[in-house]
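Take a look at the structure set out below.
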Amino acid sequence: MFRRELGIFLSSLSGYVIMSMVLFLIGLSLLTVILAYNGRAMDAPLTEAFYSTPFFWFIVLLSCPAITMRSFAHEKATGTYESLMTTPVTSLQVLGSKFAACWVFYGMLWLPLWLMMIWLGQFFSDPGYLDGGIVFGTALGVLLVGGLFLAIGCLASVLTQSQLIAAMMALTLETALFMLSFVIHLLPDQSGWQATLFEHLSLFNHMSDFVRGILDGSHLAFYLCTITFCLFLTWRWVESRK
Amino acid sequence: MIQVEQLTKRYAGHTALKQLTFAVDRGKVAGFLGPNGAGKSTTMRILSTFMPATSGRVVMAGFDVNRKPLEVRRRIGYMPENNPLHLDMRVEEYLRFRGGLRNMGGLALRKRITEVLEQCDLVEVRRKIIGQMSKGYRQRVGVADAILHRPEVIMLDEPTIGLDPHQIRLFRKMIASLAENHTVLLSTHILSEVEILCDHILILQGGRLLANDTRADIQRRVGSLTQCLLEVQAPWEILSEALHGVEAVGDFEISDQGEGFLSVRVNSKDGSDLRPLLYETCRQKGWLLRELTRHQPSLEDLFVQLTQLGHQGQGQR
C-alpha cells in the first residue's frame with residue numbers, strides 16, 4: 001500500500017505540480033540568499049541564512065496540505081475507501097502507509113536543496129558555514145516540522161470527503177500553529193508560565209536550533225509527541241467510523 | 001455460510017435496519033431484493049465488516065464480523081455499490097495491488113491473476129487503464145478483484161447497474177459460473193436478475209425483511225397470485241353463486257361492463273389455472289363468454305404486493 005501511495009505522487013500531475021512549486025520556492029530562496037551575501041562575509045551558517053528567508057515557511061505551509069489532502073478524502077469521495085477497508089488490512093496499516101508515503105514524498109521534495117547546498121559549499125572558504133552536522137540538523141528539522149504538518153493534514157483529510165476542504169482545514173490549522181510562535185512577543189510578562197508555554201510551542205524556536213546544527217532532546221520530543229498525537233486522533237477517527 | 005441474527009442499524013434520526021434475521025447456506029446464490037433505500041447496501045456494508053451494526057450478530061464463513069473482522073475479510077470478496085476502482089491504474093496492476101493487500105504475492109499471485117483475467121474475459125484489456133474502459137469491463141474488473149483470493153463468500157452490490165442488456169446477459173453468465181464454487185450474495189433491484197440467478201430470495205423494504213424464501217417457495221407464493229379475467233353475459237347474483245361453488249376459486253371481483261356483460265377478476269386459491277373450470281361453468285350455464293384470459297404472475301407482482309403491504313404496515317404504525 002505504501003508503494004501505491006508513493007506511486008500516486010510520482011505518477012500523477014498533482015505530484016509534479018507540488019514538486020514544481022517546491023523547486024521554484026527553493027530556487028527563489030537560494031537566489032535571495034546568494035544575492036544577499038554576494039561578496040559579503042557570512043555571519044551565520046548557510047542553512048540559517050536559507051531558513052531566515054520567508055520562502056522556507058511558505059514551502060512547508062503550502063506543500064504539506066497539498067500532499068495530504070488526497071490521502072483519505074479522495075478515497076472516500078471515489079468509494080475506494082470502502083473496498084480498501086474490506087480487505088484484510090488494519091486501520092493502523094492504512095494510516096501508517098499513507099502517512100509514511102506522504103512523509104517520504106515530502107522528504108524527496110527537499111532533495112534539490114541539499115544538492116544545491118553541496119554545490120554552494122565548494123565556494124566557501126570556511127567549511128564551518130556548511131558542515132555535515134548543520135546540514136543534518138536542518139534536514140532533521142525540516143523533516144520533523146513537515147512530519148507534524150503532514151500528520152495534521154492526514155487528520156484534516158480523514159474528516160472530510162472533499163480534498164479542497166481537507167487542504168483548507170490543514171492550512172488553517174498549520175498556519176494557526178505557526179502563528180503561535182509570535183504570541184510570545186505580545187505577552188506583557190516575558191518570564192511567566194504563559195511565555196514558557198508559548199516558547200515550547202513556537203515552531204520558530206525549535207527550527208532555529210535545528211538550522212544551527214543543535215540537536216536538543218526537547219525539540220525531538222515536541223515533534224514526536226505532536227506527530228503521534230495527531231496520528232492517534234486520525235486513527236481513532238478511522239476506527240470510530242468503521 | 002452467512003448467518004444474520006436480529007441485525008439492527010440505527011443512524012441519528014432513523015433506523016436503517018430493523019431486526020433482520022436470515023441465513024444463506026454454502027454454495028447458494030442469494031438475492032437481496034428491494035427498492036432504493038431499503039437497506040440493502042447497509043446490510044452489505046455490515047456483512048463486509050466496513051460498518052458496525054447497532055445490535056445483532058453476523059457470522060460470515062464461521063467468523064463473527066465484530067470479533068474477527070480480519071478473518072471475515074480474508075474469506076469474503078466484496079464489490080461495493082458503484083464498483084469503486086482506482087481509475088488511474090491498469091487492470092493487471094490493479095489486481096496485483098489488490099492481491100498484495102490480501103497478502104498474496106510472487107508467482108502464486110501472477111498465476112491467479114492470469115486465471116481470473118481469463119475467467120472474467122479480461123485478457124485482452126489486461127494492460128488497459130481502468131479509467132479508459134467501458135462500464136461493462138470495469139464491472140468485470142470489480143468481480144475479478146472480488147474473486148482474486150478465492151473467497152468463500154462473494155458479495156456483489158448492484159453489480160449490473162448501468163450496464164446495457166448485452167452486458168447484463170454476459171454478466172449474469174459470469175455470476176452463474178461463480179456460483180459453482182462460491183456462496184454468492186447479490187444485491188439488486190432488478191427482479192428478473194434474481195429470478196434467473198438466485199436459489200434464495202430475500203426481499204427487503206424499509207429495513208425490514210418481507211420475504212426470506214427459497215426460489216421454489218417464492219415461485220409457490222407467486223403462483224398464488226394467479227388470476228383469470230373473464231367477461232361473461234350473466235346475472236350478477238347467479239355468477240357470484242356459481243364462482244363460490246368452484247373449489248379452486250379464491251376471492252373474486254365483479255364489475256359491470258354494460259350490455260349485460262360482467263367483468264370478473266378471479267384469484268386462484270392454489271395457483272392452478274382456472275380457465276378450464278371457468279369455461280366449463282359458463283358452458284354448463286349457457287352464458288355467453290366474451291373473454292377468458294389468464295394473468296401469469298411474476299416475481300414483480302409478488303414484490304409489488306409485499307412492498308405495498310409493507311408500506312401499509314408502516315403507515316399504520
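Laboratory data are not the source of any read-out in this text; all were calculated from the coordinates shown. Note that the structure is predicted; figures quoted are calculated from it, not measured. We place every Cβ from the backbone using ideal geometry, glycine too, and count neighbours over all the protein chains shown.
Quick look at the values:
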{"read-out": "For segment A:42-100 versus segment B:165-188, the gap between their alpha-carbon centres in whole angstrom", "value": "41 Å"}
{"read-out": "Amide proton proximity set for B:Gln257, modelled H, under 5 Å, gap of 5+", "value": "B:Leu262, B:Ser263"}
{"read-out": "Three principal axis lengths of segment B:226-296 [C-alpha, angstrom, descending]", "value": "32, 21, 17"}
{"read-out": "Fluctuation leader among B:Glu253, B:Glu237, B:Glu92 - chain B, Gaussian network, Cα springs under 10 angstrom", "value": "B:Glu237"}
{"read-out": "Cross-link pairs B:Lys18/B:Lys40; B:Lys111/B:Lys173; B:Lys28/B:Lys173 - those with Cα-Cα distance over 21 Å", "value": "B:Lys111/B:Lys173"}
{"read-out": "For the protein assembly as shown, alpha-carbon Rg and Dmax in angstrom", "value": "34.0, 125"}
{"read-out": "Ranked list, fewest to most other Cβ atoms within 10 Å of each Cβ, for B:Lys28, B:Lys269", "value": "B:Lys269, B:Lys28"}
{"read-out": "Segment B:2-221 - Rg over Rh from alpha carbon coordinates, Kirkwood radius", "value": "0.96"}
{"read-out": "Chain B: most fluctuating residue of B:Leu202, B:Leu186, B:Leu95 per GNM, C-alpha cutoff 10 Å", "value": "B:Leu95"}
{"read-out": "Packing-based exposure ordering (other Cβ within 10 Å, fewest first) of B:Glu158, B:Glu241", "value": "B:Glu241, B:Glu158"}
{"read-out": "Sequence of A:Tyr223, A:Tyr37, A:Tyr16, B:Tyr78 once ranked by neighbouring C-beta atoms within 10 Å, starting from the fewest", "value": "A:Tyr16, A:Tyr37, A:Tyr223, B:Tyr78"}
{"read-out": "Proximal lysines relative to B:Lys269, as straight alpha-carbon distance under 24 Å, when same-chain residues fewer than 8 apart are discounted", "value": "B:Lys285"}
{"read-out": "Where Rh is the Kirkwood radius over Cα pairs, Rg/Rh for chain A", "value": "1.00"}
{"read-out": "Selected from B:Asp157, B:Asp256, B:Asp217 as most flexible by GNM, with chain B as the system and alpha-carbon contacts under 10 Å", "value": "B:Asp256"}
{"read-out": "Which of B:Gln233, B:Leu243, B:Pro276, positive extreme of dipole for segment B:226-296 (C-beta unit charges)", "value": "B:Pro276"}
{"read-out": "On Cα atoms only, tilt of A:217-240 relative to the major axis of chain A in degrees", "value": "20 degrees"}
{"read-out": "Charge context of B:Ile196, other residues only, Cβ under 12 angstrom, K/R +1, D/E -1", "value": "+1"}
{"read-out": "Helical contribution to [θ] at 222 nm, DSSP H n ≥ 4, -39,500 (n - 2.57), averaged over the protein assembly as shown, rounded to 500", "value": "-17500 deg cm²/dmol"}
{"read-out": "Derived scalar couplings ³J(HN,Hα) [segment B:151-163; Karplus, 6.51 cos²θ - 1.76 cosθ + 1.60; whole Hz; x for Gly, Pro]", "value": "x, 6, 10, 10, 10, 10, 9, 6, x, 9, 5, x, 8"}
{"read-out": "Centre separation in Å (Cα based) which lies between segment A:1-29 and segment B:95-156", "value": "29 Å"}
